[in-house]
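Below is one structure, written out as structure tokens, with a few remarks after it.
Please treat every number below as a calculation from the coordinates, not as lab data. Being a predicted model, the structure only gives us computed values, none of them experimental. Note that each Cβ is placed from the backbone with ideal geometry, even for glycine, and that neighbours are counted across all protein chains shown.
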Number of protein chains: 4
Amino acid sequence: MRVYQVEGAFGLENLKLAKRDMPEPGPGQVVVKMGAASLNFRDLMMVKGLYNPRQPLPLVPLSDGAGEIVAAGAGVTRVAVGDRVMGLFVQRWLDGPFSPEGRASTLGGPLDGMLAEYQVLEADGVVKTPAHLSDAEAACLPCAPLTAWNALFAQGNLQPGQRVLLQGTGGVSISALQLAKAAGAHVIITSSSDEKLERARRMGADQTLNYKETPDWGKAVLKMTGGFGVDHVVEVGGAETLGHSMTAARFGGSVHMIGVLAGVMTKLPVTSILMKHLRIQGIFVGSRAMFEAMNRALTVHNIHPVVDQQVPFEEAPEAFHLLARGGHFGKVVVSF
Amino acid sequence: MRVYQVEGAFGLENLKLAKRDMPEPGPGQVVVKMGAASLNFRDLMMVKGLYNPRQPLPLVPLSDGAGEIVAAGAGVTRVAVGDRVMGLFVQRWLDGPFSPEGRASTLGGPLDGMLAEYQVLEADGVVKTPAHLSDAEAACLPCAPLTAWNALFAQGNLQPGQRVLLQGTGGVSISALQLAKAAGAHVIITSSSDEKLERARRMGADQTLNYKETPDWGKAVLKMTGGFGVDHVVEVGGAETLGHSMTAARFGGSVHMIGVLAGVMTKLPVTSILMKHLRIQGIFVGSRAMFEAMNRALTVHNIHPVVDQQVPFEEAPEAFHLLARGGHFGKVVVSF
Amino acid sequence: MRVYQVEGAFGLENLKLAKRDMPEPGPGQVVVKMGAASLNFRDLMMVKGLYNPRQPLPLVPLSDGAGEIVAAGAGVTRVAVGDRVMGLFVQRWLDGPFSPEGRASTLGGPLDGMLAEYQVLEADGVVKTPAHLSDAEAACLPCAPLTAWNALFAQGNLQPGQRVLLQGTGGVSISALQLAKAAGAHVIITSSSDEKLERARRMGADQTLNYKETPDWGKAVLKMTGGFGVDHVVEVGGAETLGHSMTAARFGGSVHMIGVLAGVMTKLPVTSILMKHLRIQGIFVGSRAMFEAMNRALTVHNIHPVVDQQVPFEEAPEAFHLLARGGHFGKVVVSF
Amino acid sequence: MRVYQVEGAFGLENLKLAKRDMPEPGPGQVVVKMGAASLNFRDLMMVKGLYNPRQPLPLVPLSDGAGEIVAAGAGVTRVAVGDRVMGLFVQRWLDGPFSPEGRASTLGGPLDGMLAEYQVLEADGVVKTPAHLSDAEAACLPCAPLTAWNALFAQGNLQPGQRVLLQGTGGVSISALQLAKAAGAHVIITSSSDEKLERARRMGADQTLNYKETPDWGKAVLKMTGGFGVDHVVEVGGAETLGHSMTAARFGGSVHMIGVLAGVMTKLPVTSILMKHLRIQGIFVGSRAMFEAMNRALTVHNIHPVVDQQVPFEEAPEAFHLLARGGHFGKVVVSF
């Protein structure tokens, strides 16, 4: 069977098609025939060696994928051959709090990921695909929407009528938009593109802000809320945007940190954290229990992840270039 | 100014129009010119002497009302003359847990209620009326919707995709339907009337059940959920229905007890509570903090309480007869 | 290897010593050489056929046991040969909420229990024994203390300075006394024996009450708290005592239902649940995550479960008679 | 009556004894005859003009104080003349989340503080003094212990057996030590003085670390916990110490930010927040409801705040010099 793997050295130019033996399921494992996989910014950084330079090679990239179980090992009862499933990004985070063991069990590095025609996974590490979703749509769920769900619901306990601030129109923000609107929140979203803001409005965003036109957007959002501030910020920008996010948050509000976009060190207005009684909450995707709770919400609301473009498996490297160029709205998907 | 009061003895026939002096606001108090008041089943029981036979008379009934502040006493800064406000049913429950002090401070008994042209209240005991609501609509909020909010959100932490079971089409259940749908839940509702079930469906109910046709409705609901059970029951029937509600609930689910309809003592399947790890949660309307949180949700969703009928102040006793006859869908309102 | 099993029909007289093959661990399983097992009231009911008359026989009884891993199957990494471990009563409740799957996976019925020289368990279904405990002590942990922990901490979020009411001096109540005092709570305990109350005082109980002398003990406890009421009741009596427990609870307090002692149906003062905004919370022992959290607390405080009597394996039926006669303070243990 | 006030310009040299009229209670207010007041680092910064350079002068400093009610205004029912009370630092934070209104209502700036023989306060803004405490001890409670309580219990939901890391031996850390031990936690404390560490051990600290000898103390603490990390850090150092605190925290742990000691801007390892799923929680003292909950715990455990030194009112400026010189263990108190 065929996989793409980063060979020899990091870099998109080293992402090569390769042949591997058909995987066999061990006790408690299943083999999934992949139907689709999707890309996250983390995957791009991983392939380039920017996420974890000590990652051993070769590595099959991609954290997100969906398909069908075609073989099950001894003792597997949770799922069965023929089930449509998605991989759990953190293979060893079933429920409860995150752990170092979970951190070491993520797909697409350190473990081999989803850009393979067949992938062997723990039976505990897959989640059934909601019936209303295609594989291409399901392949978008394990990282971006689950991250948004963890932030807004598992940590944030979002309630109807609360205000949520989203940054940009990448996968996490668009998922958060869909989920927050389904939960009855008031959503404010930012972008540098009026066209994308218009599209976000059509998806339900209540207020929008072009941060290019309004560089001091933290204060602007505070003003847009009548000075009250937002209950939740889904912070994807990291070091560059955290200060603005804290300005936009209400007293006692939460800033959910999920981004790796804007560097790893920053100046932080420490005093504001305590003077406004803020919570800065780190979010690392989510657990299987959160994933299954999210799927119930997606089903009740008939929510479909936004697939921007689909690229056939044979042209998978092009998907990385698409992501690198930006400009997408929603997710870039590889179809098998 | 005119009020209705129960004089001499309990009974609807003793609900009489009377004249009282125009009230003056003491320090920290406001006078509200009532625009509308609404009826709850508790009010009917109160007037008949069934709720609290030791309630001193005369008593101005009604727990729910809305109007405009026309006078404010010394030291009032929270609200001002001209503000449109609603009364807080539990005048001394601002935030945090319920208390005996709160229990003794409810409008429409033991304290005089809202069936008066003017009412003096603590400035702390009013809540601003959302701009999108008329006084008739606002007069429906302080009891039924707040009870539903407390159950589903303050206690229940309802999340999108969870299942909610509602009983009948009275004020609390219809409010819970509106709020649960706004929050992205899957709603199952029961009634003895197919016509009312049809109306509930038009308001968003996902599944309906006629409990007259299906007397063993607890099991039926369990089956309707694929055997999983509902996450939340808003239990309004009390002693008669609790067993069914517990059957319908999922393992680890919650039954929110709010009803006073079906008597005060019952046989209880104690073992099921622990074998299914259920939570039976008593709900007594709610606090001001919950009220204000609910109002934000009503505003974001442009939710209007369902007013079934409006009766002019001059014919207020007829409103009690309407409620007693049943058959309403939503609330009966008295307009001033 | 030797086991005791209920053979042919229910009844203590049918609890017979038998020989079984030495168990082999399947994939993901371990074999535990039992060092000690302890008895719960449930075990007595189970053997008599009162807990679940449809339980297939033969059945090896006992839910609680501790020992050492002597063999591990393929793929076991969580624990290793030589580890001292305890069995998890609900074998399939690792974390998160309780489930029907968990309900069907309990030791000592429906699954074979711990009154066996060797027992095979899922590697996921054991918990490491704290180093400061003997096997006899460890064998007391999986049911009674974990039930108390779940009630007070997992559900009850007990905070220092809160008041806890405990009923009697059985295994759950004495565990709850130890844990609640370790957590800084004020503990009130009841018994029909002044001698046991004195012993509870020496273990840290702050107030005691002889319910034989004071049959209306709910009101008496309310008075002992200055009319405020207790924050938590660990309710072990069930139908007979629930009314008193609700009287003793504060407004907004919790009654944790764990008992199966006093029948399964009762009259319930439904109105009090809502008028006092009470939470009646069913408790079914607890999850592995709770067990591990509890063990950290036991270790920090050097808490040892109270072993009342130890009976050698050869005389195990006598342990059931000891439990049936009552009069114990703490746990009855079988030593291998 | 006499007060100390900062006159004309900031600076300890401008803290002058002055005469003011005896205050009269307005409606809903009380007059407290001060028995003692205590100092916090914030007070020193305030007097020097470093906390809020725009604070209008004259200002009576000090946030913490206790005494007796000697007069009550119209409508006061919550407390009465003769009650021993403490001031609530955030006068308008009774319950629920923090707010801008609360932020503007703190004693010792912007409002006049406790270094006055008599002080007028809202009746809602005082809390009854636990009977086991002297005024000097009670005067220590409103800021430092309440901050520790808010962090560990209101936000942190500390459970027995969890690990808590405390920094230094100032007022907040020593309060946190007392409260965390009362709640059954395992406490690790740092200091640059072996003598103070020894004293902390005598108060119950389980592990200690001299950060002068071990500058890389974050990693050292992680190692002291077997690599698991601490559940809670009470972070008083701010910008300088946050990185170490995050290193010491477990996956999913909390860092409670309360300090203003070490500047207001810092480099922050943003990635660690999300990779370890950390919560950085700002803490601004606490609400009245938290204060009352804490008092119950102090009473059950007979906890007395640690008073390092008492200075008579006539020599109050010396108390500021004592604080500035450091070296204290616990609190510096002014006695009236």
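List of remarks:
- Once each of the trypsin sites (Lys or Arg not before Pro) sitting in a DSSP loop with at most 12 other beta-carbon atoms within 10 Å is removed, chain A keeps A:55-211 as its longest stretch.
- Relative to the Cα centre, the charge distribution of chain B, modelled as +1 at Lys and Arg Cβ and -1 at Asp and Glu Cβ, gives a dipole magnitude of about 880 debye.
- For residue A:318, the label point sits 7 Å beyond Cα toward Cβ; its separations from the matching points on the remaining copies run 7.4, 8.3, 8.5 nm, from shortest to longest.
- Shape box of the protein assembly as shown [Cα atoms, principal axes, largest first, Å]: 87, 68, 65
- Inter-chain neighbour count for B:294-300: the average number of beta-carbon atoms from partner chains within 10 Å of each residue's beta-carbon is 5.
- Summary value for region A:25-128: 39 percent relative contact order, contacts being C-alpha pairs under 8 angstrom separated by 6+ residues.
- In nm, spacing of pseudo-spin labels at residue A:132 and residue D:194 (7 Å Cα→C-beta vector): 6.8
- At the listed q of 0.14, 0.16 Å⁻¹, the Debye profile of region C:145-282, built from one uniform point per Cα, gives log10 I(q)/I(0) equal to -0.54, -0.72.
- The value of relative contact order for region D:145-282, using C-alpha pairs under 8 Å at least six residues apart, is 20 percent.
- Exam field: residue D:240 pseudo-label spacings to other copies (7 Å along Cα-Cβ), nanometres: 3.3, 6.5, 7.1
- Magnitude of the charge dipole for region D:145-282, about its Cα centre and with charges confined to Cβ atoms of Lys, Arg (+1) and Asp, Glu (-1), is about 200 debye.
- Based on alpha-carbon atoms, the Kirkwood radius and the radius of gyration of region D:293-336 give Rg/Rh equal to 1.12.
- Whole-Hz couplings from phi, Karplus 6.51/-1.76/1.60, listed for region B:91-106; x for Gly and Pro: 4, 10, 10, 8, 7, x, x, 5, 8, x, 4, x, 4, 8, 10, 8
- Proximity of backbone amide H atoms, modeled 1.01 Å from N, is registered between residue D:40 and D:63 at under 5 Å, excluding neighbours fewer than 5 places apart on the same chain.
- Mean ellipticity per residue at 222 nm, deg cm²/dmol - from DSSP H runs of n ≥ 4 across chain C, formula -39500 (n - 2.57): -7000 deg cm²/dmol
- Ratio of Rg to Rh over chain A (Cα coordinates, Kirkwood Rh, two decimals): 0.97
- Each residue of region A:53-63 was assigned a 3J(HN,Hα) from its phi angle through the Karplus curve 6.51 cos²θ - 1.76 cosθ + 1.60 (θ = phi - 60°); the sequence is x, 9, 4, x, 10, x, 9, 7, x, 5, 8 Hz, with glycine and proline shown as x.
- Only Cα pairs under 8 Å and 6+ residues apart enter the sum, and on that basis the relative contact order of chain A stands at 18 percent.
- Near residue D:252, the amide H atoms lying under 5 Å from its own belong to D:277, D:278; only residues 5 or more places off or on other chains count, and H is placed 1.01 Å from N.
- Here's the picture: charge each Lys and Arg Cβ at +1 and each Asp and Glu Cβ at -1 in region A:140-287, and of A:142, A:237, A:182 the one pushed furthest to the positive end of that dipole is A:182.
- Distant-in-sequence amide contacts of residue D:208, defined by a placed amide H-H separation under 5 Å and a gap of 5 or more residues or a different chain, comprise D:189.
- Simple point charges give the picture: +1 on the Cβ of Lys and Arg, -1 on the Cβ of Asp and Glu, and for the protein assembly as shown a dipole about the Cα centre of about 0 debye.
- Against the main long axis of the alpha-carbon atoms of chain C, helix C:288-301 sits at an angle near 70°.
- Here the simple spin-label model places points 7 Å from the Cα toward Cβ, and for residue B:77 and residue D:50 these points are separated by 3.1 nm.
- Taken one residue at a time, the phi angles of region A:25-32 give Karplus couplings (6.51, -1.76, 1.60, θ = phi - 60°) of x, x, x, x, 10, 9, 10, 10 Hz. Gly and Pro are set to x.
- FRET efficiency for the pair residue B:57 and residue B:309, taken as 1/(1 + (r/R0)^6) with r the Cβ-Cβ distance and R0 = 35 Å, rounds to 0.80.
- Projecting the alpha carbon convex hull of region C:56-135 along each direction and taking the average yields 6.0 nm².
- Across the identical copies, the 7 Å label point of residue D:223, projected outward along Cα→Cβ, sits 5.3, 6.1, 6.6 nm from its counterparts, in ascending order.
- Degrees, to the nearest 10: A:171-182 long Cα axis against longest axis of chain A: 70
- Taking the C-alpha atoms only, the angle from helix B:316-325 to the longest principal axis of chain B is near 10 degrees.
- Alpha carbon centroid spacing (whole Å) that separates region D:222-295 from region C:29-56: 45
- For region C:185-255, GluC sites (Glu not before Pro) are listed when DSSP marks them as loop and at most 14 other Cβ atoms sit within 10 Å of their Cβ; the list is C:213.
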